[in-house]
Amino acid sequence: MHHFFVDLRQIEGQKVRITGADVNHIRNVLRMKLGEEILISDGKGRDLLCQVCQIGPIEVLADVIREEESRELPASVTLYQGLPKSDKLELIIQKAVELGAARIVPVVTKNVVVRLEPKKEESRRRRWQAIAESAAKQSKRSRIPEVSRVLRFAEALKEASDSDVALFAYEHQKGMAETKKELAKAAPGQRIALFIGPEGGFDDAEVRRAEEAGVRPVSLGKRILRTETAGSALLSMLMLELEIKGEERQGALKL
Ligand code: SAM
């Protein structure tokens, strides 16, 4: 089923008004017909199953059939990713979106070797945001995650300071039982921050500053993961914890 994102203003009671590039896509690329069902998200967590009822030259109207259960994680997870070499960040963004991250923040740490020219930064961020949007559509997310501007490590730590749970993946940390304990603190409704180092890892001073800022080190196992693997590994572990608690809460609500 095709999936479109609209602004809240385009949802008018039991009708949704699709405009802009999506109209051409519906008419001339997908060649959709009246009566076809489509999934429409408001980008803020609401999903509506709709049926195309009018296909015009500049707008398409759809009737709302029902609200669908949201596909979002029950907590807001931000991935602070040490800026990796070449175009690895595109893969990292794609996987983080599929795994439910709400925000991805590229971070410049001491061992980051990439030097982003300021005048190119915004165009790179727009490209990364487009990757996030495409992954959100493919994975049928209810919202489009944000790829923020590049932050320095100190800025990222400051921003993450008001998270309910903040973890950094640290390959010198021992014990997955500890990791499990830290992940068990995650719960629906929270703001959660995850930090992943670049190819060269976090340097000792950054490890110290992170711990002083209350960000807890966690092991991802005995093997050294590539930076582009580590975020997905930690997000997957966190997703399990959150989805189970989210389902338990849903179950409790239904009783
Ligand atoms: N300093 C590492 C080394 O010894 O080769 C390289 C860093 S690793 C390629 C990139 C990042 O992935 C690390 O900064 C860390 O955040 C994460 N990472 C990789 N393997 C990990 C593990 N086993 N436990 C925790 N974090 C890990």
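Please determine whether any residue of region 215-237 is farther than 30 Å from residue 87 by Cβ and not polar (S, T, N, Q).
For region 215-237, residues farther than 30 Å from residue 87 by Cβ and not polar (S, T, N, Q): present.
Which of the following residues is in contact with a helix residue (DSSP H, G or I) (Cβ under 6 Å, 6 or more places away or on another chain), open to solvent by 10 Å² or more (accessible area, probe 1.4 Å) and within 28 Å of residue 72 (Cα to Cα): 166, 135?
On inspection, the qualifying residue turns out to be 166.
Determine which member of the set 148, 161, 142, 123 is more than 16 Å from residue 99 (Cβ to Cβ) and open to solvent by less than 10 Å² (accessible area, probe 1.4 Å).
Going through 148, 161, 142, 123 in turn, just one is more than 16 Å from residue 99 (Cβ to Cβ) and open to solvent by less than 10 Å² (accessible area, probe 1.4 Å): 148.
Checking residue 127 against (1) in contact (Cβ under 8 Å) with a residue 40 or more places away in the chain; (2) part of a helix (DSSP H, G or I); (3) basic (Lys, Arg), which test does it fail?
(1)
Give the residues of region 169-186 that are in contact with a helix residue (DSSP H, G or I) (Cβ under 6 Å, 6 or more places away or on another chain) and away from the ligand (no atom under 14 Å from the Cβ), sorted by residue number.
Once the filter is applied, which keeps residues that are in contact with a helix residue (DSSP H, G or I) (Cβ under 6 Å, 6 or more places away or on another chain) and away from the ligand (no atom under 14 Å from the Cβ), region 169-186 yields only 186.
Could you list, ordered by first residue, the pairs with Cβ atoms under 6 Å in which the first is in region 70-86 and among the polar types (S, T, N, Q) and the second is part of a loop (DSSP other than H, G, I, E, B) and open to solvent by less than 10 Å² (accessible area, probe 1.4 Å), at least 6 apart or interchain?
What qualifies is 70/142.
Is it the case that region 97-107 has a residue that's surrounded by fewer than 21 Cβ atoms within 10 Å (Cβ to Cβ) and in contact with a strand residue (DSSP E or B) (Cβ under 8 Å, 6 or more places away or on another chain)?
yes
Within region 197-212, take every residue that is of a type in the set (A, V, I, L, M, F, W, C) and closer than 22 Å to residue 96 by Cβ and give me the one that is surrounded by the most Cβ atoms within 10 Å (Cβ to Cβ).
Among those that are of a type in the set (A, V, I, L, M, F, W, C) and closer than 22 Å to residue 96 by Cβ, it is 202.
Looking at (1) part of a helix (DSSP H, G or I); (2) at pLDDT 95 or above; (3) open to solvent by 50 Å² or more (accessible area, probe 1.4 Å), can you tell me which one residue 113 breaks?
Condition not satisfied by residue 113: (1).
Evaluate region 104-111: report whether one residue or more is touching a residue at least 60 places away in the same chain (Cβ under 8 Å), of a type in the set (S, T, N, Q), under 24 Å from residue 213 (Cβ atoms) and within 16 Å of the ligand (Cβ to nearest atom).
Yes, because at least one residue in region 104-111 is touching a residue at least 60 places away in the same chain (Cβ under 8 Å), of a type in the set (S, T, N, Q), under 24 Å from residue 213 (Cβ atoms) and within 16 Å of the ligand (Cβ to nearest atom).
Inside region 12-39, can you point out the residues that are touching a Lys or Arg at 6+ places or on another chain (Cβ under 9 Å) and modelled with pLDDT under 95?
39
Is region 228-248 home to any residue that is in contact (Cβ under 8 Å) with a residue 24 or more places away in the chain, open to solvent by 80 Å² or more (accessible area, probe 1.4 Å) and either within 16 Å of the ligand (Cβ to nearest atom) or of a type in the set (Val, Ile, Thr) (or both)?
no
Just need a number here: residues in region 206-227 that are near the ligand (Cβ under 9 Å from one of its atoms), of a type in the set (Lys, Arg) and within 22 Å of the chain's Cα centre (by Cα).
Final tally of qualifying residues: 1.
Just give me the residues in region 128-147 being under 9 Å from the mean Cα position of the chain (by Cα) and of a type in the set (Gly, Ala, Ser), in sequence order.
Of everything in region 128-147, those that are under 9 Å from the mean Cα position of the chain (by Cα) and of a type in the set (Gly, Ala, Ser) turn out to be 132, 136.
Would you point out which residue out of 89, 83 is over 20 Å from residue 138 (Cα atoms), modelled with pLDDT of 95 or more, within 16 Å of the ligand (Cβ to nearest atom) and in contact with a helix residue (DSSP H, G or I) (Cβ under 9 Å, 6 or more places away or on another chain)?
The unique qualifying residue is 83.
Looking at (1) under 16 Å from the mean Cα position of the chain (by Cα); (2) hydrophobic (A, V, I, L, M, F, W, C); (3) within 13 Å of the ligand (Cβ to nearest atom), which one does residue 153 not meet, given that it meets all the others?
(1)
The values are calculated or read from the model by the stated rules, or taken from the named source; none is laboratory data. Quick caveat, the model's predicted, so the values are computed rather than measured. Ideal geometry is used to build each Cβ from the backbone, glycine not excepted, and the neighbour counts take in all protein chains shown. The accessibility values were calculated without ligands, DNA or RNA, using every heavy atom of the protein model including side chains. Shrake-Rupley method; radii C 1.70, N 1.55, O 1.52, S 1.80 Å.
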